[in-house]
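Right, one structure below, let's go through it.
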Amino acid sequence: MPFGKGVIRREGKDLTVVTWGSTVYMALELARQMEKDGVSLEIIDLRSIVPLDEDLIYRSVRKTTHVMIAHEDTLTAGFGAEVAARIAENCIGSLDGPVVRVAAKDTFVPSAPNLELAVLPSVAGLRLGAEKALTF
């Protein structure tokens, strides 16, 4: 895996999902579900965040005109906020809606598995974010 080179895990035309780590698999599952509804998601797996494959992100966002960032870090001060800021700075004229972020709640991650489910992102949470991004 070359550092700084993301990969498109699934081609799409309606919404770019920028993700990395375990949320890649959630995003792929969401893409399969939403495909049944006629919605085409492009899933970008960043694979590394430093360096960041900005060109891959920008090309995809300019193509789909909608974007959602999904990751397991907290919403506040998580790396998704940096990705969102860079997209806003470099692609604002191409966006047809806001940059939507789906992330862990702004709290510590509990050690009990049943409580983790209440804090970390889920496919259902990603679906809500995708639907929000596509309403514009």
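Read-outs: derived from the displayed coordinates by stated rules, not from any lab. Note that this is a predicted model, so its numbers are computed, not measured. Don't worry about glycine lacking a Cβ; one is built from the backbone with ideal geometry, like all the others, and counts go over all protein chains shown.
Observations on the model:
- Sum of -39500 (n - 2.57) over DSSP H runs of 4+, divided by residues of the chain (222 nm, nearest 500): -12500 deg cm²/dmol
- Counted by neighbouring Cβ atoms within 10 Å, the residues Met34, Met68, Met1, Met26 run from fewest to most as Met1, Met34, Met26, Met68.
- Each of Thr65, Thr19 was scored by other Cβ atoms within 10 Å of its Cβ. Listed from fewest to most, they are Thr65, Thr19.
- Positive-end ranking of Ile49, Gly97, Ala112 along the dipole of the stretch 7-134, with charges on Cβ about the Cα centre, is headed by Gly97.
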